[in-house]
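> One structure is given below, represented as structure tokens, and several questions about it will come after.
The values are calculated or read from the model by the stated rules, or taken from the named source; none is laboratory data. Since this is a predicted model, take the numbers as computed values, not measurements. Glycine gets a Cβ as well: all are built from the backbone with ideal geometry, and neighbour counts include every protein chain shown.
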Amino acid sequence: MSDSTRVADREVLITRIFDAPRERVFEAWTDPGAVVDWFGPGHMTTERVHIDLRVGGRYELTMVRTDGSEFPVGYDIVELDPPALLVLRSDPMPEHGMTEPTVVRVELHDHGDKTRMTLVDGPMPGAEHAAAGWDAAFDKLAARLAG
Amino acid sequence: MHADELDRTFAALADPTRRSILTRLAEGEATVGELAAPFSISRPAITRHLKVLEGAGLIARSRDAQWRPSRLQVDPLDEAVEWMQSRKRTWEARMDRLDAHLHRRGEQDE
């Protein structure tokens with residue numbers, strides 16, 4: 001798959017198999033003590049994780065760089081169905097190129113005794129103006145530019 | 001890349017006629033008349049679309065030639081692609097760490 005195709009998708013899509021039951025993967029997403037362990041990049045620590053686990057609740061955390069500067073991240077919980085579904089809507093962050101919210105949709109499916117997770121994050125900024133989906137013409141353009 | 005520029009790029013791309021125009025221009029430069037030919041819309045309508053694309057920096061139009069041919073400018077597209085890739089890398093790195101976290105927890109339980 002070419003890199004350009006991902007723009008045509010309007011969204012980031014990731015599928016992963018985790019060697020753990022759904023309950024444990026869901027807990028890793030929703031237990032603050034677990035979230036601090038993986039959410040932030042390696043050069044940042046994650047602190048002050050606050051999760052009000054209900055539809056309409058908040059999902060907030062602060063990433064702290066080694067120089068002490070902070071990068072707060074916040075979401076509204078818009079859908080919740082433990083241990084299968086968590087949907088978060090990000091607060092806009094115009095200083096980081098995010099003038100509109102994006103929606104992070106995490107689905108957990110049984111995969112034998114493992115868990116298959118799909119994560120969709122999107123849409124891209126400006127895409128809310130789209131009257132229709134991205135059509136074949138743009139896919140073709142993206143493929144041509146990639147080639 | 002500045003947020004305003006990303007917004008303009010994606011807003012310009014969020015229209016099927018404009019994406020078709022870009023696809024045509026990927027084959028080489030073209031005049032308004034040539035670009036209008038496949039569509040059942042007027043030349044002024046095509047010109048309006050070209051202005052949006054030009055404002056987003058996705059095309060450049062010759063100032064000199066009588067028919068002002070348009071040509072594709074790929075830099076904003078590259079920057080849009082890079083923005084998406086950085087976002088994808090962030091999530092992939094997070095999922096690597098989530099995987100490691102689950103392994104550590106699993107070992108503790110055994």
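> Quick test for you: out of B:ALA37, B:ALA80, pick the one residue that is among the aliphatic types (A, V, I, L, M) and in contact (Cβ under 8 Å) with a residue 60 or more places away in the chain.
B:ALA80
> Of these, B:LEU53, B:LEU58, B:LEU22, which one is touching a residue at least 12 places away in the same chain (Cβ under 8 Å) and either farther than 30 Å from A:PRO92 by Cα or facing chain A (nearest Cβ under 10 Å) (or both)?
B:LEU22
> Within segment B:9-22, take every residue that is of a type outside the set (Gly, Ala, Ser) and buried (at least 20 other Cβ atoms within 10 Å of the Cβ) and give me the one that is farthest from B:ARG87 (Cα to Cα).
Checked segment B:9-22; the qualifying residue farthest from B:ARG87 (Cα to Cα) is B:ILE21.
> Right, here's the next one. Quick test for you: out of A:GLY68, A:GLY40, pick the one residue that is farther than 23 Å from A:PRO123 by Cβ, modelled with pLDDT under 90, away from chain B (no Cβ under 14 Å) and in a loop (DSSP other than H, G, I, E, B).
A:GLY68
> OK, next. Restricting to segment B:87-106, count the residues that are acidic (Asp, Glu) and within 7 Å of chain A (Cβ to nearest Cβ).
2
> Could I ask something else about it? Which ones in segment B:61-86 are within 11 Å of chain A (Cβ to nearest Cβ) and modelled with pLDDT of 80 or more?
Correct list: B:LEU72 only.
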